1. Closer than 30 Å to Gly116 by Cβ and under 19 Å from the mean Cα position of the chain (by Cα), is that true of Leu168?
2. Has the stretch 100-123 got any residue that is over 27 Å from Leu173 (Cβ atoms) and either free of Cβ contacts under 8 Å to residues at least 40 places away in the same chain or crowded, with 24+ Cβ neighbours inside 10 Å (or both)?
3. For the stretch 94-121, name all the residues that are modelled with pLDDT of 95 or more, of a type in the set (S, T, N, Q) and in a loop (DSSP other than H, G, I, E, B).
4. Is it true that some residue in the stretch 78-94 is aliphatic (A, V, I, L, M), within 19 Å of the chain's Cα centre (by Cα) and open to solvent by less than 40 Å² (accessible area, probe 1.4 Å)?
5. Can you tell which of Ala155, Ala132 is assigned to a helix (DSSP H, G or I) and modelled with pLDDT of 95 or more?
6. Return a yes/no flag: does the stretch 53-60 have any residue that is charged (D, E, K, R) and either surrounded by fewer than 21 Cβ atoms within 10 Å (Cβ to Cβ) or part of a helix (DSSP H, G or I) (or both).
7. Given the criterion of a type in the set (Lys, Arg), within 16 Å of the chain's Cα centre (by Cα) and at pLDDT 95 or above, identify the matching residue among Lys28, Lys38, Lys54, Lys64.
8. Test Leu183 against the stated conditions and say whether it is open to solvent by 30 Å² or more (accessible area, probe 1.4 Å), modelled with pLDDT of 95 or more and among the aliphatic types (A, V, I, L, M).
Amino acid sequence: MTQVQLETKTLTVKKENGIAEIHIHVNKTNAYDIEYYKELNAAIDNIRFDNDIKVAVLMSDMPKFFSAGANINFLKAAEPRFKTQFCLFCNETLDKIARSPQVWIACLEGHTVGGGLEMALACDLRFMGDQAGKIGLPEITLGVLAGTGGTQRLARQVGHSKALDLNLTGETLTPQEALDIKLVDRVYPQEETRAKTLEYARKIANSATYAASNIKLSIMNGKEMPLNVAIRYEGELQNLLFRSDDAKEGLSAFIEKRAAEWTGK
């Protein structure tokens with residue numbers, strides 16, 4: 001049974017069978033201000049400290065938008081120093097997702113632009129509906145850059161020249177175009193997007209989750225390291241897994257030709 005674990009003005013966290021769903025409901029476009037990010041930060045902490053949660057899915061309750069990014073009126077009214085600190089706080093919040101032991105998936109069923117895409121880029125995987133709308137970083141049309149990880153995470157995701165192209169033009173893409181450049185990982189029929197995303201999440205949650213967590217950390221942290229250091233880091237994580245109950249169970253199940261019974265330990 002799904003249980004609501006956290007409910008605020010801008011989001012709701014529901015948990016069931018190792019999966020946390022984070023439902024965004026700021027307003028009709030999910031254009032956010034600092035209140036939303038404070039509540040997102042608290043939700044991420046809530047999930048990170050929950051040992052029962054193995055996968056987190058970030059999704060929108062709004063029918064046409066995942067998120068349009070930061071509320072422009074909020075930004076216009078704020079002092080420059082406050083805006084700088086706001087961007088820093090957003091980046092610190094999103095970085096927690098990358099450092100989290102859970103696998104995070106962004107379920108994109110509507111337009112995903114500006115800071116909305118930056119939230120999705122912070123997740124480990126991005127799944128999008130084929131009629132979800134546009135995705136991109138149009139910040140240059142406001143005379144600024146994508147300042148909550150957009151220039152950096154996008155470059156690491158699609159390559160530096162393509163990231164430069166998209167940031168310089170402010171061009172937004174269709175779901176298929178986003179898939180073609182590997183900005184999103186999967187595109188599903190629109191009406192199946194949420195169900196397919198949760199099906200994927202359940203598959204991970206029912207697998208060797210201790211291994212899944214370390215696979216995530218190895219890839220996400222290792223990509224920022226020189227190769228020789230990253231290989232050593234990978235080896236240290238593998239050493240932990242070799243000593244785990246799940247590794248013993250996995251090897252035994254393979255030899256005995258039976259389904260493994262994972263414990264996540």
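The values are calculated or read from the model by the stated rules, or taken from the named source; none is laboratory data. Because the structure is predicted, anything quoted here is derived from the model rather than measured. Positions of Cβ are backbone-derived with ideal geometry, glycine not excepted, and every protein chain shown enters the neighbour counts. The area values use the complete protein model at the heavy-atom level, side chains included, leaving out ligands, DNA and RNA. Shrake-Rupley method; radii C 1.70, N 1.55, O 1.52, S 1.80 Å.
1. no
2. Yes, the conditions are met somewhere in the stretch 100-123.
3. Within the stretch 94-121, Gln102 is the sole residue that qualifies.
4. yes
5. Working: Ala132 fails: assigned to a helix (DSSP H, G or I).
Just one listed residue meets the conditions, Ala155.
6. Within the stretch 53-60, not a single residue is charged (D, E, K, R) and either surrounded by fewer than 21 Cβ atoms within 10 Å (Cβ to Cβ) or part of a helix (DSSP H, G or I) (or both).
7. On the way: Lys28 fails: within 16 Å of the chain's Cα centre (by Cα); Lys38 fails: within 16 Å of the chain's Cα centre (by Cα); Lys64 fails: within 16 Å of the chain's Cα centre (by Cα).
Unique residue meeting the criteria: Lys54.
8. Working: open to solvent by 30 Å² or more (accessible area, probe 1.4 Å): no; modelled with pLDDT of 95 or more: yes; among the aliphatic types (A, V, I, L, M): yes.
Criteria not met by Leu183.
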